[in-house]
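S.K.: Got a structure for you, written out below as structure tokens; questions coming shortly.
The values are calculated or read from the model by the stated rules, or taken from the named source; none is laboratory data. Not measured: the values here are computed from a predicted model. So basically every Cβ, Gly included, is an ideal-geometry build from the backbone, and we count neighbours across all protein chains shown. Accessible surface is based on the protein model in full, side chains and every heavy atom, while ligands, DNA and RNA are left aside. Shrake-Rupley method; radii C 1.70, N 1.55, O 1.52, S 1.80 Å.
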Amino acid sequence: MPPAVLPPDWPHSDLSRQIETRAHLWHVQETGRGPTVLLLHGAGGSTHSWRDLIPLLAQKCRVVAVDLPGHGFTRLGTRHRSGLGTMAEDIATLCAQEGWEPACIVGHSAGAAIALRLAPLLPGNPRIVGINPALSPFRGLAGFMFPVFARVIAMTPMMVDVAVRAAASPGRVVSLIGGTGSELSAKGMDLYAQLFRRRDHVDGTLLMMSQWKLDGLLADLPQLRSPCLFLTGSNDRTVPPVTAVEAADRMPDARVESFEGLGHLMHEEAPDKVARRILDWIGQG
């Protein structure tokens, strides 16, 4: 499959490379020296969301940021491996192929759920940092209907095109970001707008939503051996911070720390604070 072409102004494009595995053609950014920190963005995001965190962590760590399957500039090899378990398996395969042995996996939102599923598949019992972790399934009728709607849209080319036009409108981008409880710069807004104009990215996000199931992960939390740190923003309007507390209470080695006044995209709002806490957590502070 042909590699995706990055826009000339894409953050840290000089660090980008494409890596092919059996499952996908991955877009990866890698820099720095020291213990390896693997960065996993959330649904609808890409490596761009780590743009300010990467250079801070790279002062003391080897940083690897990955676009999830179908997101950003990672090209899907198959449309049937966008669920939680399969994405974790495919990232584990990528890590093994490249010789990455993360000392820490940092996941944002849905990326935190992937980190929790991925850690047992990797050597060395890596530490986990979950930033506003999305660990609460939809309840009742919504839990049934939302994946069905996402699946119908993702499997209908015309509907994906409609979704792209709707998501990429300037007003919609402002509304989506504002709804997270975070305040981003104009540049940050523009990067999301660029992503939402990419049909492959919107399609990949819908596929992830349509295949997303948390039940197995939540049932396995009491057996997770990796030390976990959940960072929550008190102003998060996307994922209720209490869900991180509830998850940590069921885990053998997990703690929750709250950052006052920050929203769902807190690592983009306050990268210095988040980077400092990550480095402290892995003994590099």
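S.K.: So, A247, is that one within 19 Å of the chain's Cα centre (by Cα) and either surrounded by 20 or more Cβ atoms within 10 Å (Cβ to Cβ) or within 14 Å of G107 (Cβ to Cβ) (or both) or not?
M.R.: yes
S.K.: Quick check on my filter: what residues within the stretch 109-136 are of a type outside the set (A, V, I, L, M), touching a Ser or Thr at 6+ places or on another chain (Cβ under 8 Å) and open to solvent by 10 Å² or more (accessible area, probe 1.4 Å)? Working first, answer last.
M.R.: First, pick out the residues of the stretch 109-136 that are of a type outside the set (A, V, I, L, M): 109, 111, 117, 120, 123-127, 130, 132-133, 136.
This time we only want the ones that are touching a Ser or Thr at 6+ places or on another chain (Cβ under 8 Å), so: 109, 120, 125-127, 132-133, 136.
Across the stretch 109-136, the qualifying residues are S109, P120, N125, R127, S136.
S.K.: For the stretch 201-228, give me each residue that is under 17 Å from the mean Cα position of the chain (by Cα) and either open to solvent by 20 Å² or more (accessible area, probe 1.4 Å) or over 22 Å from L84 (Cα atoms) (or both). Walk me through it before giving the result.
M.R.: At the first step, the residues of the stretch 201-228 found to be under 17 Å from the mean Cα position of the chain (by Cα) are 201-214, 217, 228.
Answer for the stretch 201-228, where residues must be under 17 Å from the mean Cα position of the chain (by Cα) and either open to solvent by 20 Å² or more (accessible area, probe 1.4 Å) or over 22 Å from L84 (Cα atoms) (or both): L206, M209, Q211, W212, K213.
S.K.: Continuing with this model, one more query. Looking at the stretch 65-84, which of its residues are within 13 Å of the chain's Cα centre (by Cα) and either among the hydrophobic types (A, V, I, L, M, F, W, C) or open to solvent by 10 Å² or more (accessible area, probe 1.4 Å) (or both)?
M.R.: A65, V66, L68, L84
S.K.: Something else about it: Given the condition under 17 Å from Q194 (Cα atoms), in contact with a strand residue (DSSP E or B) (Cβ under 7 Å, 6 or more places away or on another chain) and in a helix (DSSP H, G or I), answer yes or no: does some residue in the stretch 14-34 qualify? Steps first, answer last, please.
M.R.: Just the residues of the stretch 14-34 that are under 17 Å from Q194 (Cα atoms), to begin with: 27.
Next, from what is left, pick out any that are in contact with a strand residue (DSSP E or B) (Cβ under 7 Å, 6 or more places away or on another chain): 27.
Filter once more, keeping what is in a helix (DSSP H, G or I): none.
For the stretch 14-34, residues under 17 Å from Q194 (Cα atoms), in contact with a strand residue (DSSP E or B) (Cβ under 7 Å, 6 or more places away or on another chain) and in a helix (DSSP H, G or I): absent.
S.K.: When you check P8 against the structure, is it part of a loop (DSSP other than H, G, I, E, B) and over 19 Å from G204 (Cα atoms), yes or no? Walk me through how you get there before you give the answer.
M.R.: Details: part of a loop (DSSP other than H, G, I, E, B): yes; over 19 Å from G204 (Cα atoms): yes.
Yes; evaluated as a whole, the condition is true for this residue.
S.K.: Just checking, how many residues over the stretch 23-48 are modelled with pLDDT of 95 or more and more than 9 Å from the chain's Cα centre (by Cα)?
M.R.: Result for the stretch 23-48: 16.
S.K.: Of (1) open to solvent by 10 Å² or more (accessible area, probe 1.4 Å); (2) part of a helix (DSSP H, G or I); (3) over 28 Å from R237 (Cα atoms), E101 satisfies all except one. Which?
M.R.: (2)
S.K.: From the list L214, L231, pick out the single residue that is under 29 Å from L279 (Cα atoms), of a type outside the set (S, T, N, Q) and modelled with pLDDT of 95 or more.
M.R.: On the way: L214 fails: modelled with pLDDT of 95 or more.
Of L214, L231, the one residue that is under 29 Å from L279 (Cα atoms), of a type outside the set (S, T, N, Q) and modelled with pLDDT of 95 or more is L231.
S.K.: Hey, another quick one. Could you run through the stretch 181-200 and say how many residues are acidic (D, E) and either farther than 24 Å from P240 by Cα or crowded, with 17+ Cβ neighbours inside 10 Å (or both)? Explain how you work it out, then say what you get.
M.R.: Keep residues of the stretch 181-200 that are acidic (D, E), which gives 183, 190, 200.
Going one step further and asking which of them are either farther than 24 Å from P240 by Cα or crowded, with 17+ Cβ neighbours inside 10 Å (or both), we end up with 190, 200.
So the count comes out to 2.
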